[in-house]
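In what follows, a single structure is set out as structure tokens and then discussed.
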Amino acid sequence: MGFYVTTPIYYVNAAPHLGHAYSTIAADVMARHHRQRGEATFFLTGTDEHGEPVADAAKAQGLEPRELADRNAQRFRDLMPVLGVSNDFFIRTSDAEHGAKVQEVLQRVHDNGFVHKGLYEGWYCPRCADFKAENEIAEGNRCPIHEIELVRESEENWFFALSQFQERLEQLYEERPDFVQPRERRNEALSFIKSGLNDVSLSRAKLTWGVTVPWDTDHVFYVWFDALLNYYTALTYARPGEDLVDEFWPATYHVIGKDILKFHTVFWPAILMAAGLPVPEHVFVHGFLLGADGRKMSKSLGNVLDPLEVVDRYGVEALRFYLLRDVTFGGDGATSMEAVGRRYTAELADELGNLASRTTAMLVRYRDGEVPATALDGALAADFTGLDATVAGHVDQAELSQALDAIWQRVRRLNRYVEESAPWTLAKDDSRADDLDRVLASLADGLRIVCVLLHPWLPETTVKVLDALGAPSTALQDARPGAVALGPAHKLEPLFPKERDSVPPAAAAS
Ligand code: MSP
């Protein structure tokens with residue numbers, strides 16, 4: 001069974017921002033790590049294009065929904081290489097193949113007896129494209145997420161019999177305690193289920209921008225059902241002539257933000273059960289990136305961190321590192337350009353960058369680039385033994401910040417080792433040539449191991465360092481002391497130049 005990871009698919013009625021970059025980079029780290037393990041891996045991202053919010057935004061701009069979708073989907077697609085993201089496919093829910101598969105699956109849900117007609121009346125947020133339950137309505141009859149006033153909607157449409165899945169969902173949560181991670185999110189989802197499930201509206205009669213309901217062609221499917229199914233439909237047409245469902249379904253991880261918990265942890269498994277399809281292995285729910293002031297990022301508050309500005313100023317690798325290092329993956333956290341700068345200087349430049357420069361420079365200076373083939377320092381090697389398994393264990397639980405921290409402790413360990421063993425002193429004494437060989441070989445091998453393990457976070461930097469060490473393999477099985485031969489080594493240009501950090505933010509942004 002392959003490893004399959006997905007991001008939420010992003011609405012095309014707004015421009016890409018840091019939150020979108022966050023989910024996508026996190027999923028990318030997971031995908032890259034699993035590829036390092038030699039596992040068949042599929043990584044999906046894309047855009048959610050149907051529904052009222054897009055139709056409304058297009059209308060406001062005097063465009064057809066498809067024109068707006070084409071234009072904005074391209075912006076998301078273009079963002080991926082800028083973020084160093086290695087997705088295997090980019091799905092658009094306006095793809096004809098997606099629509100046809102949605103119809104097929106939901107027709108099955110209908111034929112299995114889980115769809116009925118009903119009258120829907122309730123408070124609706126057009127931005128969420130969702131009706132709000134009584135306990136989800138904020139003060140002043142507003143949407144708690146978008147803070148806009150809710151509208152009273154009523155229409156006859158098709159309903160999905162969610163209420164019939166209450167027991168099966170409770171059983172799923174019981175049997176698979178890690179179905180939803182982290183734990184608090186699992187408890188939140190479970191208590192929502194236990195509070196009692198109502199049937200949910202499955203179609204819209206007023207809207208035309210969507211996938212047509214095959215048994216009632218005056219309706220389109222409610223955008224959320226069309227959207228959730230992307231995770232499944234993509235596998236049926238991502239590779240022309242191939243069906244990847246057998247290899248990759250069910251998904252190993254859906255990575256999502258906490259704003260869309262209910263859809264992924266309640267509606268989604270129920271729909272799959274109703275269609276007779278296996279449910280995903282895990283849904284990982286991350287927190288929210290906030291402004292520097294700890295408040296929700298918003299243009300009017302001026303506390304928005306633009307991912308492209310970070311990339312311009314510090315480079316994409318710094319953005320990837322910062323997001324998973326400064327905010328524990330799973331929790332909420334404040335973000336700012338200053339905080340990126342601090343991580344850049346203190347950790348990327350002064351710790352990793354410095355370690356890589358010193359190590360390669362000393363190999364060149366003292367040994368003409370040859371990496372001595374000698375026994376490694378036992379105490380140092382012991383600190384690296386089992387690290388590959390520790391990191392893999394964390395990534396398997398989507399504990400991406402913990403994995404990064406375990407690796408970073410070894411970056412620091414290596415810098416301490418340089419100070420303690422003082423190779424520059426050993427180099428002055430010919431009788432200590434063997435000691436110097438051992439120190440240089442141990443240092444080079446330790447640096448190699450941290451770079452193999454850091455590869456998913458810092459794909460370009462680590463490849464540069466591994467090349468400079470003459471040990472290009474990024475296979476996870478090589479992240480063990482002495483696993484591969486090194487050399488010849490060559491010097492490195494500074495990986496994280498300090499000048500970047502001296503540019504004032506205003507200049508960097510312009
Ligand atoms: N189209 C739906 C998802 C459908 S999935 C079948 C949607 N799209 S969205 O464009 O609004 O993106 C939502 C996702 O973006 C969140 O779930 C989260 O992953 C990410 N983020 C958006 N803002 C965020 C923050 N401020 N912080 C972290 N991530 C957030 O909802």
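Values in this text are rule-based calculations from the coordinates and carry no lab data. Since this is a predicted model, take the numbers as computed values, not measurements. Don't worry about glycine lacking a Cβ; one is built from the backbone with ideal geometry, like all the others, and counts go over all protein chains shown.
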*Among Tyr232, Thr425, Met362, pick out the residue whose Cα is farthest towards the positive end of the charge dipole of the chain, where Lys and Arg carry +1 and Asp and Glu carry -1 on C-beta, about the Cα centre.*
Thr425
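With a cut-off of at most 15 other beta carbons within 10 Å, and DSSP calling the residue loop, which GluC sites (Glu not before Pro) in the stretch 220-313 qualify? Please list them. If you can, show how the numbers build up before the last one.
Details: sites: Glu242, Glu247, Glu281, Glu309; in loops: Glu242, Glu281.
Within the stretch 220-313, the qualifying GluC sites (Glu not before Pro) (loop, at most 15 other Cβ atoms within 10 Å) are Glu242.
Can you bin the stretch 274-420 into rounded, prolate or oblate? Criterion: square roots of the alpha carbon gyration tensor eigenvalues sorted a ≥ b ≥ c, rounded for a/c under 1.5, prolate for a/b above b/c, oblate for the rest.
Working: a/c = 2.79, a/b = 1.45, b/c = 1.93.
In terms of gyration-tensor shape, oblate.
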*Run down the lysines and flag those whose C-alpha is under 26 Å from the C-alpha of Lys428, throwing out any fewer than 8 positions away in its chain.*
Lys491
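Can you pick out the pairs among Lys262/Lys299; Lys59/Lys299; Lys117/Lys262; Lys258/Lys464 whose Cα atoms lie more than 29 Å from each other?
Result: Lys258/Lys464 exceed 29 Å.
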*Under a cut-off of 14 Å between alpha-carbon atoms, report the aspartates and glutamates in cross-link reach of Lys132, not counting same-chain residues fewer than 8 places apart.*
Glu121, Glu147, Glu149, Glu153, Asp199, Asp259
*What Cys residues in the chain are without a partner cysteine, judged by a Cβ distance under 4.7 Å?*
Cys451
_Bin width 5 Å, origin at 0, all Cα-Cα pairs of the stretch 337-498: what percent of pairs per bin?_
1, 9, 19, 23, 21, 14, 7, 3, 1, 0, 0
*Using only Cα atoms, find the angle between the long axis of helix 166-175 and the longest principal axis of the chain, and express it within 0 to 90 degrees, rounded to the nearest 10.*
20
*Scan the stretch 1-85 for GluC sites (Glu not before Pro) in coil per DSSP, keeping those whose Cβ has at most 16 other Cβ atoms within 10 Å, and list them by number.*
Glu39
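Using a simple charge model, +1 on the beta-carbon of Lys and Arg, -1 on the beta-carbon of Asp and Glu, nothing else, what dipole does the chain show about its Cα centre, in debye to the nearest 20?
Numbers: 51 positive and 75 negative charges, 167 e Å.
Approximately 800 debye in magnitude.
Assign unit charges at the C-beta atoms only (+1 for Lys and Arg, -1 for Asp and Glu), then state the dipole size of the stretch 337-498 relative to its Cα centre in Debye, rounded to the nearest 20. Walk me through the intermediate numbers first.
Working: 17 positive and 24 negative charges, 57 e Å.
The calculated dipole for the stretch 337-498 is roughly 280 debye.
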*What is the helix-to-structure angle for 387-396, meaning the angle in degrees between its Cα long axis and the longest Cα principal axis of the chain, kept from 0 to 90 and rounded to the nearest 10?*
10
*Pull up all non-local amide H partners of Ala334: gap of 5 or more, or a different chain, and H-to-H distance under 5 Å with H placed in the peptide plane.*
Leu290
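Quick one: in the chain, what % of C-alpha pairs are over 38 Å apart?
Working: 43439 of 129795 pairs.
Roughly 33 percent, rounded to a whole number.
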*Take the alpha-carbon centre of the stretch 140-217, take the same for the stretch 445-479, and report the distance between them in whole Å.*
44
_³J(HN,Hα) computed for each position of the stretch 447-458 - Karplus, 6.51 cos²θ - 1.76 cosθ + 1.60, integer Hz, glycine/proline x_ = 4, 4, 5, 5, 5, 4, 6, 7, 3, x, 7, 10
*Which residue, chosen from Val213, Phe329, Ala339, occupies the Cα position most advanced towards the positive end of the dipole of the chain, where the dipole is computed from +1 (Lys, Arg) and -1 (Asp, Glu) charges on Cβ about the Cα centre?*
Ala339
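Test of understanding: what is the full-extension gain from Asp306 to Ser431, defined as 0.36 nm times their sequence separation minus their Cα-Cα distance?
Working: separation 125, 0.36 × 125 = 45.00 nm, distance 5.57 nm.
Value of the extension gain: 39.4 nm.
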*Of the GluC sites (Glu not before Pro) in the stretch 73-121, which ones lie in a loop per DSSP and count no more than 16 other C-beta atoms within 10 Å?*
none
*asked:* Only bridges whose two residues both fall in the chain count here: according to DSSP, what percent of them are antiparallel, nearest 5?
replied: 50
*Give me the angle, in degrees from 0 to 90, between the Cα long axis of helix 459-468 and the longest principal axis of the Cα atoms of the chain, rounded to the nearest 10.*
20
*Tell me, Kirkwood radius of the stretch 3-304 from alpha-carbon pair distances, in Å?*
19.9
_For the chain, with +1 on Lys and Arg beta carbons and -1 on Asp and Glu, the positive-most of Val411, Ala292, Val255 along the dipole_ = Val411
*In nm, to one decimal, how far is the Arg412 label point from the Ala133 one, both placed 7 Å along Cα→Cβ?*
4.3
*Check: the stretch 321-421 dipole with +1 on Lys, Arg Cβ and -1 on Asp, Glu Cβ, in debye*: 260
